[in-house]
1. Residue farthest toward the positive end of the dipole of the stretch B:82-140, with Cβ of Lys/Arg at +1 and Asp/Glu at -1: which of B:82, B:93, B:111?
2. Which listed residue (B:190, A:11, A:29) has the Cα farthest towards the positive end of the charge dipole for the protein assembly as shown, taking +1 on Lys and Arg C-beta and -1 on Asp and Glu C-beta about the Cα centre?
3. What dipole magnitude, in Debye to the nearest 20, does the stretch B:3-216 give about its Cα centre under +1 on Lys/Arg Cβ and -1 on Asp/Glu Cβ?
4. How would B:21, B:78, B:127 line up from fewest to most surrounding beta-carbon atoms within 10 angstrom?
5. Can you tell me the length gained on complete extension of the stretch residue A:6 to residue A:23, counting 0.36 nm per residue apart and subtracting the Cα distance?
6. Within 10 Å of each residue's Cβ, count the other Cβ atoms and sort B:161, B:171 from fewest upward.
7. Using a 10 Å cut-off around each Cβ, can you sort A:78, B:3 from fewest to most neighbouring Cβ atoms?
8. If you count, for every residue in A:36-44, the Cβ atoms of partner chains within 10 Å of its Cβ, what is the mean?
Amino acid sequence: MIAAMEEKEILEKVSAVVSAVLKREVKLSPATAAADVDGWDSLSHMMIINGIEQKFSLRFKLKEVMAFGNAGDLVACIAGKLKE
Amino acid sequence: MDITIRRATEADKDFLVMAITEAEKSGSDTISYCAMFSITGEEFRGLVSNILDEDMNGQEMCISNFLIAEVDGERAATLGTWIEGMDGMSSNMIKSNMLLYFLDRDKVLNAAENIRLVSETNIHKETNTLQVEFGYTDARFRGLGLFARLLNEHIRVNMERYDWLNKVQSRPLKSNISSIKAHEKVGFSYVSEQRCTNSDILKILPSDTRILMERKLK
């Protein structure tokens, strides 16, 4: 339950970063993929990943970002790193 | 004269770095990545080398996606292909992840405007199509039809594995006449073009227009 709440909070923070980069409100669900979000292209992707790393004070490994199929994967990775 | 075509291996990395660097110049003296990210030629070659080390499929800088043509045992030409989006992630997105990981973070972020300009010349890569990038032939071996041999071998191998493939695509810059002619010679036709209207693009690329060329496989 606690883990689920943590992930919900992380998802909201990630949504805020995506919204800031894309300059419009974006609400992500765990199933949302980058391709589902208008404007989340290869350029904004770099800004979004960088923004998320800054927001959570962490650094993704290449194999981690390559495994992000959707927002749920991203959130799970962040949650895991925050527990380290 | 003995010509052989084989799959590239790690031992070919230096040749591939040189070939990618030459191909990236698109017939000019400028490496677009250097202009885009404010990096030196040496830094660019280091970047390519690092990306090749990952051997990550689904994008253009993957060692195992290159074929090498040897003439009398000497590396003479190379060509890379991959199938776009087959594993669910676009090649552009994979490349973004690589750049973010291997380039100095500030250089990537400072290049946002340049990337945006270059992306105005981008032509969408259709998922599940065979994509061609980084064709290179050593000047000493031009005129031997190596590009055609490499391309046909890529098509043969990929069609054998993925019989649903129906087209192969390439995106030369409009200024790269020799590349366009080489593609036409092996059956590619002009499909469309994408132009960036901001003249600053010419500080990064040798042309403001990219061309989509295609060859039907079925």
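Computed from the coordinates by the stated procedures, all read-outs in this text should not be read as laboratory data. Keep in mind that what you see is a predicted model, and the values were worked out from it rather than measured. Neighbour counts are summed over all protein chains in view; Cβ atoms, including those assigned to glycine, are modelled from backbone coordinates with ideal geometry.
1. B:111
2. Of the options given, the answer is B:190.
3. 700
4. Sorted ascending by nearby Cβ count, the order is B:127, B:21, B:78.
5. Result: 3.6 nm gained on full extension.
6. Ranking B:161, B:171 by Cβ neighbours within 10 Å, fewest first, gives B:161, B:171.
7. Least to most surrounded, the residues fall as B:3, A:78.
8. The mean count of partner-chain Cβ atoms within 10 Å per residue comes to 4.
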